[in-house]
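Single-structure report; data block below.
The values are calculated or read from the model by the stated rules, or taken from the named source; none is laboratory data. Just so you know, these numbers come straight off a predicted model, no measurement behind them. So basically every Cβ, Gly included, is an ideal-geometry build from the backbone, and we count neighbours across all protein chains shown.
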Amino acid sequence: MKIVKNILNVEGHLNSFKGVCFLVLSSYLFTSCMDKRHPGRIYMPDMAYSRAYEAYATNNLKNEGINYIPSPVQGTISRGDLFPYTLPDDSNGYKMSSGVKDPLPLLNAADLSEAQRLYNINCAICHGVNLDAQGPMATSGKVGGIANLQLDQYKALPIGTMFHVTTYGKGNMGSYASQLSKKQRWMVVQYVKSQQAKQSASTTDSTKVAGKDSTASTAKK
Ligand code: HEC
């Protein structure tokens, strides 16, 4: 026991020397990794450079014994998503869209101002911020036949049909399915409806603001 103690005593000085060496060495090791341009050796290359697979792309992981289903399970929707819109992009689908109900509750003030923002970005360039078909694309004559959404015929247009048109496009208007999510599209058409209702309340003569391109046909029904 005594011998061991003595050895420890002798080693005590040695240990403090070792400690200093350790500190110097470790601070060197830590700071030597600072240079990002020289990353040095990679300890686990598999983790540093993971093999990337596209989420929904076909892959051969199954052959490697990995059970990974690349596409969503049939008949399911992602959490929080709205049900798929199933009406087809044809005249029959257009007709049937009049019966489609708005799945969203009445928008609150915050959602409505978000809907207004989306409308101003995506729709106002043609339909105008006041729905009067006086957007820059209309006044410049670049796009013809833009619907004046202040007209009674568009006030009477069911919200489901507005959603249908926003989803698939109509005439010179393109589809917004890739720019706006289903929820955003419903928000935008709810905003259009609310603006139409506001304008109906404030003015009785809804035709006085009709622009030159405002007589868009509804013949394609
Ligand atoms: C490039 C210009 C353009 C943009 C942008 C545009 N529209 Fe249109 N929109 C039109 C034209 C043109 C028509 C007339 C289509 C027809 O009846 O041939 C129309 C028609 C409509 C109608 C009437 C549909 C019907 O059944 O008669 C609604 C509602 C509508 N647009 C909503 C929107 C909304 C909402 C947006 C934004 C998400 C939008 N539009 C963006 C050009 C545009």
- Task: Find the residue count for the stretch 78-94, including only residues that are over 16 Å from residue 167 (Cβ atoms) and either in contact with a Pro (Cβ under 9 Å, 6 or more places away or on another chain) or assigned by TED's automatic domain parsing to the domain that holds residue 184 (or both).
- Result: 1
- Message: For the stretch 137-159, give me the residue count where each residue is surrounded by 20 or more Cβ atoms within 10 Å (Cβ to Cβ) and either part of a helix (DSSP H, G or I) or at pLDDT below 95 (or both).
- Response: 2
- Query: List, please: which pairs have Cβ atoms under 7 Å, are six or more places apart or on different chains, and start with a residue in the stretch 109-126 that is touching a residue at least 60 places away in the same chain (Cβ under 8 Å) and end with one that is away from the ligand (no atom under 12 Å from the Cβ) and among the hydroxyl-bearing types (Ser, Thr, Tyr)?
  - Reply: 112/194
- Lone unmet requirement of (1) within 10 Å of the ligand (Cβ to nearest atom); (2) crowded, with 16+ Cβ neighbours inside 10 Å; (3) part of a loop (DSSP other than H, G, I, E, B); (4) polar (S, T, N, Q) for residue 134: (1)
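Got at least one residue in the stretch 172-188 being more than 22 Å from residue 88 (Cβ to Cβ), assigned to a helix (DSSP H, G or I) and either more than 8 Å from the ligand (Cβ to nearest atom) or free of Cβ contacts under 8 Å to residues at least 60 places away in the same chain (or both)?
Taking every residue of the stretch 172-188 in turn, at least one turns out to be more than 22 Å from residue 88 (Cβ to Cβ), assigned to a helix (DSSP H, G or I) and either more than 8 Å from the ligand (Cβ to nearest atom) or free of Cβ contacts under 8 Å to residues at least 60 places away in the same chain (or both).
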- For residues in the stretch 114-131 being surrounded by 19 or more Cβ atoms within 10 Å (Cβ to Cβ) and outside any helix (DSSP H, G or I), which is nearest to the ligand (Cβ to nearest atom)? 123
- Residue that is nearest to residue 89 (Cα to Cα), among those in the stretch 152-171 that are more than 10 Å from the ligand (Cβ to nearest atom) and touching a residue at least 24 places away in the same chain (Cβ under 8 Å): 168
